[in-house]
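Okay, structure first, notes after.
The values are calculated or read from the model by the stated rules, or taken from the named source; none is laboratory data. Worth saying up front: this structure is predicted, and the values here are computed from it rather than measured. Don't worry about glycine lacking a Cβ; one is built from the backbone with ideal geometry, like all the others, and counts go over all protein chains shown. When the accessible area is computed, the model is the full protein with side chains, heavy atoms only, and any ligands, DNA or RNA have been set aside. Shrake-Rupley method; radii C 1.70, N 1.55, O 1.52, S 1.80 Å.
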Amino acid sequence: MSAVWHPFFQHATEPAPPRATGSRGAYIQTDRGPLLDAISSWWVVTHGHNQPEIVEAIRETAGTLDQVIFAGLTHAPAEELAEALIEMAPAGLKHVFYSDSGSTAVEVALKMALGYWRHEGDGRHRIAVMMDSYHGDTIGTMSMGERGVFNAAYDPLMFAVDRLPFPSGDGAAALAAFEDLAASGRMAALILEPLVLGAGGMRMYRPEVLAGLRAICDRHDVLMIADEVMTGWGRTGRLWACDHAGVAPDILCTSKGLTGGVMPLAATLATARIFEAHRSVDRRRTFYHSSSYTANPIACAAALAQVRLWQASPMQARLEALGAMQAERLAALAGDARFTNPRRCGTIAALDLVVPEGGYLSEVGPRMRAHVMAEGVLLRPLGNTVYVLPPYGVTGADLDLAWGAVASFEV
């Protein structure tokens, strides 16, 4: 038995996983054969595995800078990346704070928001979240996410938040609920996954709802935190999911695709208003957060190479082409009684298996995962929800392989 303890993996029931030996483009090579990475290795790979420009940036930087403390020192990869991110971000975001993962990016955002209101002398401390959301696996982010099997064991550590109903249809119930909360004057921030709730089952809602939530935030001076860890870097068909609604958050979290899926790095972008509330001759107002590897130069160089690829490529056309290919294959399963609720947002396509017992612990999920892996496809169904979220270099033939494996599954 291996000494490795794998994440989201039940060692008592799962067979030993394949051993990855290489990767390129949309594929991972394993000791059992090639696998089409139809989920971008947990939504992180953007342009493709082993993108030459990113690999070269890592190689070049590693020969010059490896790791330097970022508290009191700076370096070119971090400075240049911050400038590029601000240029590409929704309007009004002016400052970049680096961390290590999506979870830590959100933890940083929560601390920024609460710190802002404390330094402003306001007693606001409540956080509003959306039901079925997921924001990470650290204590603060678990508190923000849906309570259930993922975090039941850790309930004594978590704090209460205010939950909005998922905004189905026109989102009227969610908007009304948030209006009431925001009007109380106690609401510090609203945190949301814009347009798509990823781990919550690829649940999708309209841009108009996102715009409506932003308007309520503006009306009652509530900070909006956009968790774009999964939705950013083109997954929804635009650079940022917020772009569909023409809204700019007060704080934006990004990770996953930030480095093209090559190295761990995250960034939390904030407005000047939030930054200035922490900038003071009073050292007690310092933003006290860091990690040992904050703004690692090699990771920043990888991210900067990814950003340059984005800027130099016709990415919008590529996203639209991939979205159209996904829509075509999703439509081919319309009317199949084994599936229901087909949906797509940009490059993300999903549907639900019709089974007696749904939800994350549905036994159909592991069976589907094993079936498609035998067909040469890597998928990780969310219970009875099946989704395809591929790297942008995927071909039509690759998508035929992925969706063909899904279609050949017997419920």
Exercise for review: Using a 10 angstrom cutoff on alpha carbons, build the Gaussian network for the chain and name the most mobile of THR13, THR385, THR294.
Suggested key: THR13
Practice item. Please calculate how many Å² of accessible area the chain carries per residue, with a 1.4 Å probe and no DNA, RNA or ligand atoms counted. Key: 44 Å²
Check your understanding: In whole Å, how far is the Cα centre of the stretch 17-56 from that of the stretch 63-84?
Key -> 27 Å
Practice item. Work out, step by step, the length gained on full extension between ARG343 and ARG186: first 0.36 nm times the residue separation, then minus their alpha carbon distance; give nm to one decimal. Key: 52.9 nm
Exercise for review: Report the antiparallel proportion of the DSSP beta bridges in the stretch 53-312 as a percent, rounded to a multiple of 5.
Suggested key: 50 percent
Point to revise | Area accessible to solvent at ARG308, 1.4 Å probe radius, in Å² | key: 110 Å²
Review point. How do 115-126, 243-254 rank on mean C-beta neighbours within 10 Å, highest first?
Key: 243-254, 115-126
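Throw me the Rg/Rh for the stretch 53-312, computed over C-alpha atoms with Kirkwood Rh, two decimals. Intermediate results must be reported in sequence, preceding the final value.
Numbers: Rg = 18.0 Å, Rh = 18.7 Å.
On the Cα set of the stretch 53-312, Rg over Rh gives 0.96.
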Check your understanding: For the modelled label position 7 Å from the Cα of THR13 along Cα-to-Cβ, which residues of the stretch 149-166 have backbone nitrogen atoms closer than 14 Å?
Key -> 149-150
Exercise for review: Find how many whole Å separate the alpha carbon centroid of the stretch 354-381 from the alpha carbon centroid of the stretch 302-332.
Suggested key: 26 Å
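Report the Stokes-Einstein translational diffusion coefficient (µm² s⁻¹, integer) for the stretch 88-218, Rh taken as the Kirkwood radius over Cα pairs, at 37 °C with viscosity 0.692 mPa s.
Values: Rh = 15.6 Å.
It comes out at roughly 211 µm²/s.
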Check your understanding: Once you put a point 7 Å from the Cα of ALA173 and another 7 Å from the Cα of ASP31, both along the Cβ direction, what distance in nm separates them?
Key -> 5.0 nm
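Sort 345-351, 331-337, 199-205 by the packing proxy (mean of other Cβ within 10 Å over each peptide's residues), most packed first.
Numbers: 345-351: 23.6, 331-337: 11.0, 199-205: 21.1.
Most protected by this proxy first, the peptides run 345-351, 199-205, 331-337.
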Review point. If you count, for each residue, the other Cβ atoms within 10 Å and average over each peptide, how do 31-40, 99-108, 276-285 line up from highest to lowest?
Key: 99-108, 31-40, 276-285
Exercise for review: Please tell me the relative contact order of the chain in percent, rounded to the nearest whole number, where contacts are Cα pairs under 8 Å and at least six residues apart.
Suggested key: 22 percent
Study note, to complete from the structure: Place a point 7 Å from the Cα of ALA76 in the direction of its beta carbon; the residues of the stretch 300-334 whose amide N falls under 15 Å from it are 300-302, 304-305
Study note, to complete from the structure: With a Förster distance of 51 angstrom and the Cβ-Cβ distance between HIS289 and GLU410, calculated FRET efficiency to the nearest 0.05 equals 0.55
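When the helix-only estimate is applied to the chain (DSSP H runs of n ≥ 4, each -39,500 (n - 2.57), divided by the residue count), what is the mean residue ellipticity at 222 nm, nearest 500 deg cm²/dmol?
Numbers: 13 runs with 145 residues, N = 411.
About -10500 deg cm²/dmol.
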Revision key, fill the gap. Two pseudo-spin positions, 7 Å from Cα along C-beta at ALA331 and at ILE86, lie apart in nanometres by 4.4 nm
